[in-house]
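Shown next, in structure tokens, is the structure this report addresses.
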Amino acid sequence: MTDGPIQRPVRGPLDPQRLADAFAASPDISVELLPETPSTNEVAAERARSGAQEGLVVVADHQAAGRGRLDRTWVTPPGTAVTFSLVLRPSVEPARWPWLPLLVGHNVAKALTTLGYDARVKWPNDVLLDGDRKVAGILVERVETPTGPAAIVGVGINVAMTAEELPVETATSLAIASPGAPDREQVLTGVVLAVREGYDVWQAGGDLATTRLAASYRSHCATLGRDVRVELPGGGQLLGRASDVDDDGRLVVDTPNGPERVGAGDVVHVRPTD
């Protein structure tokens, strides 16, 4: 965390012309900008069911009732966050779908790194700054549509929030991490383009692309090599060292009883104990 006064990024509404200019060279991306909505994922899911093509980005200037994994709420003050949902229609085989949330988190972290932040991924897809402080959350949902299944990729990034505005003490924002934080338009365009590029490479590259994604993800995953407590549905838990992410995107935890593998949908929390 940076010492000294924080220079707040402007908290005004998103500039639709700047967004249009930023995405002008990307015909596979279209943007629907909403002044306010309870949840961009809900809007994007409805658009997908109504026939929206891959690449639609539903952006909320203010998201009033965002959701995270396991229906956790995510609400921020107006003008302080980037909240969007991207419609994707993966054609890869179902066995590769579990990699999609990890791919998104990895590419959000890469985009923030390009903007000057030391961002890493907490398995499966939270993005961290300053060690273990969460700056971004991701929710990927599968929806059935008349033309086949779609993936709704929801991303929320804390941009201009002060320490007093953070929802929990373990969170942070770009403005807290750096006094020269980029504005929301820069963050939104950089992240959307990074996610779409990473997704397109993964889609087109087959098994080799997944192998490369797995290697890159492991090298940027802050969870690996740490002692963790994995909280499971129903109150159970695993204690051990997070040693690997396997080829199916599952976290491998070395426990006293041997290695255990857990998928993103099988856990409530993964917390470091070191």
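Counting only residues that are closer than 18 Å to Gln203 by Cβ and among the aliphatic types (A, V, I, L, M), which one in region 144-164 is surrounded by the most Cβ atoms within 10 Å (Cβ to Cβ)? Top of the filtered list is Val153.
Within region 88-128, being in contact with an Asp or Glu (Cβ under 7 Å, 6 or more places away or on another chain) and of a type in the set (A, V, I, L, M, F, W, C) holds for one residue alone: Leu88.
When residues in region 212-237 are screened for being modelled with pLDDT of 95 or more, aliphatic (A, V, I, L, M) and farther than 22 Å from Ala109 by Cβ, 0 of them pass. Taking the criterion of being in a strand (DSSP E or B) and buried (at least 20 other Cβ atoms within 10 Å of the Cβ), the only residue of region 32-50 that qualifies is Thr37.
Among the small types (Gly, Ala, Ser) and over 15 Å from the mean Cα position of the chain (by Cα): does that describe Ala171? The answer is no for Ala171.
Selection of first residues in region 194-215 that are assigned by TED's automatic domain parsing to the domain that holds Trp97 and of second residues that are surrounded by fewer than 19 Cβ atoms within 10 Å (Cβ to Cβ) and polar (S, T, N, Q), restricted to Cβ pairs under 8 Å at least 6 apart or on distinct chains, gives the following pairs, ordered by first then second residue: Ala194/Thr114; Arg196/Ser26; Gln203/Ser91; Ala209/Gln203. Taking region 186-224 as the range and being surrounded by 19 or more Cβ atoms within 10 Å (Cβ to Cβ) and charged (D, E, K, R) as the test, only Arg196 passes.
The values are calculated or read from the model by the stated rules, or taken from the named source; none is laboratory data. Quick caveat, the model's predicted, so the values are computed rather than measured. Note: ideal-geometry Cβ built from the backbone for every residue, glycine included; neighbour counts use all protein chains shown.
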